[in-house]
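Engineer: Below you will find the structure I want to go over with you.
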Amino acid sequence: MVIVAGHIVVDPGRRDAYLAECVPLVTEARRSPGCLDFALSPDIADSGRINVHERWTSRDAVESFRAGGPSPSQTEAMLSASVAEYEVTAGRDLT
């Protein structure tokens, strides 16, 4: 399993518009082969931060989906980003 996690920072006044523009991306990701979860969410303590959480069955699935990359307007809106990919070999259900 591959987990992609981190955050991006946008201008606080543009965060809602940025997230609204990402709705089709999230919908497409969730329908992609190998996607277990995909979420972009506003941070409750920082008005410019967007949290990133993705779970995929494999690196191939991630790379297949990522072939397009972010749109030019999304890239332009990002002030900074800190997102990493983790390969997970074991997990434990906490529910």
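Engineer: Cβ neighbours within 10 Å, averaged per peptide: list 20-29, 83-92, 4-13 in order, most packed at the top.
Structural biologist: So the order, starting with the most tightly packed, is 4-13, 20-29, 83-92.
Engineer: Also, quick follow-up: Let me know the charge dipole size of the chain about its Cα centre in debye, to the nearest 20, where only the beta-carbon of Lys, Arg (+1) and Asp, Glu (-1) is charged.
Structural biologist: Dipole of the chain, to the nearest 20 debye: 120 debye.
Engineer: Once label points are set 7 Å from the Cα along Cα→Cβ at both S58 and L19, what is their separation, rounded to one decimal in nm?
Structural biologist: 3.4
Engineer: Further question on the same structure: Tell me, in nm to one decimal, what length is gained between L79 and L94 on full extension, where the rule is 0.36 nm per residue of separation less the Cα-Cα distance?
Structural biologist: 1.9 nm
Engineer: Quote the relative contact order of the range 2-87 in percent (integer), defining contacts as alpha-carbon pairs under 8 Å separated by 6+ residues.
Structural biologist: Across the range 2-87, relative contact order equals 48 percent.
Engineer: Work from the charge dipole of the range 2-87 (Cβ charges, +1 for Lys and Arg, -1 for Asp and Glu, about the Cα centre) and give the residue of A45, P70, T27 farthest towards its positive end.
Structural biologist: The Cα lying farthest towards the positive end belongs to T27.
Engineer: Compute the acute angle (0 to 90°) between the alpha-carbon long axis of helix 15-31 and the principal axis of greatest extent of the alpha-carbon atoms of the chain; round to the nearest 10°.
Structural biologist: Rounded to the nearest ten degrees, it is 20.
Every number here is computed from the coordinates shown, using simple stated rules; none is lab data. What you are looking at is a predicted structure, and each value in this text was computed from that prediction instead of being measured. In this analysis, Cβ positions are derived from the backbone assuming ideal geometry, glycine residues included, and neighbour counts consider all displayed protein chains.
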